[in-house]
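What follows is a set of notes on a single structure, which appears directly below.
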């Protein structure tokens, strides 16, 4: 596993607002990943961004140190990160290599590294991030093997431990905080963004009989899809500027790199209404400008404010963390010979072709005259013998090489 690398930026080391600066814009992901693949000679890579982590999983021969990370980030975010900010982020990043990288991926996918331990959403997010890069040919055979084992391990952790029993995800924590405010069921709710996070919190709202929804999204069809589920109205994100029907709650989570809810927009949305409002902002970076929270009567719920509850959750599930780690350790041990066998298969995939070439040369060149002089029955026997030997010559070295690699580190 010497080529497996992970560069991780998480809520544990970096402030969530700083973390938001590392998120790649959707329209820029392909271009930036191609750029770093080329510049750093990276054969395979995929990129993961959630509400509390940004990670790059890749293969590379070179050592990944702070200097590498500095240049890597500078290549990805040259137009955004100021020098001082870049230095701080690099200093607080985590780098994992070889088995430590595999262990980290398994811990992340099993939610052992999550802000809220036990949230199953992270496995879906990791799988989606990998799959999107696989489809675009950013990954290959090596990461395919790694991710198959990572997913298998995470499923075992969720199945054979109580880590996800009555799970409390970021979404459910946010909903519980909203529920504690005792909002009436006909409260006017604006949902900004129709992505996975808002879809999930919308399920809670619908389940608890909230009915008055207006959904805004850059892609109107996605807004319409979520609005249909909720029995609400759909709007494009641009329509937010002219929305005049009032609101009681804003729930926002977009991939925007700048605030969506500026003070100017918020004032328009209020339309002179001075009553207290609620904003649930689960975006990283936040969709809400700081001036809105400071200058208006707002009950503000965002990821940072959920950290205390998450820490309590972590303490309660400490024993399940130990059980999950045991499953991870077992899977890493099982994976070592599997990976070695695959390396042998790839290294020796030229053997069958070479043996076929030798056979064809023997029959059609070296011993062509002798073979042509045989009668039909003799030629059939010779071909059977040659085919038998070909198969054996292909299988024997493969088996022997696997045995040597697996049993002798």
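Can you give the convex hull volume per residue for the Cα atoms of segment 170-305, as a whole number of Å³?
Cα-based convex hull of segment 170-305, divided per residue, equals 97 Å³.
As a footprinting exposure proxy, order 150, 69 by other Cβ within 10 Å, with the fewest listed first.
In increasing order of surrounding Cβ atoms, one gets 69, 150.
Using R₀ = 22 Å, calculate the FRET efficiency as 1/(1 + (r/R₀)^6) where r is the Cβ-Cβ separation of residue 342 and residue 155; round to 0.05.
Efficiency computed from Cβ-Cβ geometry: 0.55.
Project the alpha carbons of segment 113-156 onto their principal axes and report the range along each, largest first, in whole Å.
Rounded to whole Å, the extents work out to 32, 18, 13 Å.
With angles folded into 0 to 90 degrees, how steeply does helix 66-76 sit against the dominant principal axis of the chain? Use alpha carbons for both and round to 10.
The answer is roughly 70 degrees.
So for 280, 90, fewest C-beta neighbours within 10 Å to most, what's the order?
The fewest-first ordering by Cβ neighbours comes to 90, 280.
Between 201, 355, 89, find the one with the highest GNM mean-square fluctuation for the chain; connect C-alpha pairs within less than 10 Å.
Comparing 201, 355, 89 in a Gaussian network model of the chain, the most mobile one is 355.
With an 8 Å Cα cut-off and a minimum separation of 6 or more residues, compute the relative contact order for the chain in percent.
Once normalised by length, the contact order is 15 percent.
According to a simple spin-label model (label point 7 Å from Cα along Cα-to-Cβ), what is the distance in nm between residue 380 and residue 238?
Placing both labels 7 Å along Cα→Cβ, they lie 7.7 nm apart.
How high is the relative contact order of segment 4-166, in percent, counting Cα pairs under 8 Å that sit 6 or more residues apart?
It comes to 29 percent, rounded to a whole number.
Out of the DSSP beta bridges found with both residues in the chain, what percent are antiparallel (nearest 5)?
45
For the pair residue 204/residue 295, report the inter-label distance in nm, with labels modelled 7 Å from Cα in the Cβ direction.
Placing both labels 7 Å beyond Cα along the Cβ direction yields 3.0 nm.
Can you check how the C-alpha radius of gyration of segment 264-331 compares to 2.2 N^0.38 Å, as a plain ratio?
Expressed relative to 2.2 N^0.38 Å, the Cα Rg reads 1.76.
Across every pair of different alpha-carbon atoms, what Kirkwood hydrodynamic radius in Å does segment 19-101 reach?
After inverting the mean inverse Cα-Cα distance, the result is 13.3 Å.
If I model segment 4-166 as equal point scatterers sitting on the Cα atoms and use the Debye formula, what is log10 I(q)/I(0) at q = 0.12, 0.17, 0.19, 0.21 Å⁻¹?
Here the Debye-derived log intensity ratios amount to -0.50, -1.03, -1.29, -1.56.
Computed FRET efficiency, Cβ-Cβ of residue 356 and residue 144, R0 25 Å: what is it to the nearest 0.05?
Efficiency, from the Cβ-Cβ distance: 0.35.
For 114, 225, 378, what's the fewest-to-most ordering of other Cβ within 10 Å of each Cβ?
378, 225, 114
Remind me, what semi-axes does the chain give for its equivalent ellipsoid, largest first in whole Å, using sqrt of 5 times each Cα gyration tensor eigenvalue?
In descending order the semi-axes read 54, 23, 22 Å.
Please work out how much length the chain gains when fully extended from residue 40 to residue 307, using 0.36 nm per residue of separation minus the C-alpha to C-alpha distance, in nm with one decimal.
92.5 nm is the gain from fully extending residue 40 to residue 307.
What area, in nm² and to one decimal, does the C-alpha convex hull of segment 1-41 cast on average over all directions?
Over every viewing direction, the Cα hull of segment 1-41 projects on average to 4.1 nm².
May I ask for the angle, rounded to the nearest 10°, between helix 376-407 and the longest principal axis of the chain, with both axes built from Cα atoms and the value confined to 0 to 90°?
50
As I understand it, the value is the acute angle between the Cα axis of helix 196-207 and the longest principal axis of the Cα atoms of the chain; what does it come to in degrees, rounded to 10?
It is inclined by approximately 60 degrees.
Fully extended, how many nm does the chain gain between residue 177 and residue 262 (0.36 nm per residue separation, minus their Cα-Cα distance)?
28.3 nm
With viscosity set to 1.306 mPa s and temperature to 10 °C, compute the Stokes-Einstein D of segment 197-239, Rh being the Kirkwood radius across alpha carbon pairs; µm²/s, no decimals.
156
Based on the alpha carbon coordinates of segment 234-285, what radius of gyration and maximum Cα-Cα distance (Dmax) apply, in Å?
11.1, 29
Read-outs: derived from the displayed coordinates by stated rules, not from any lab. This one's a predicted model, so the numbers in the text were calculated from it and none came from an experiment. Cβ: placed from backbone, ideal geometry, glycine included. Neighbour counts: every protein chain shown.
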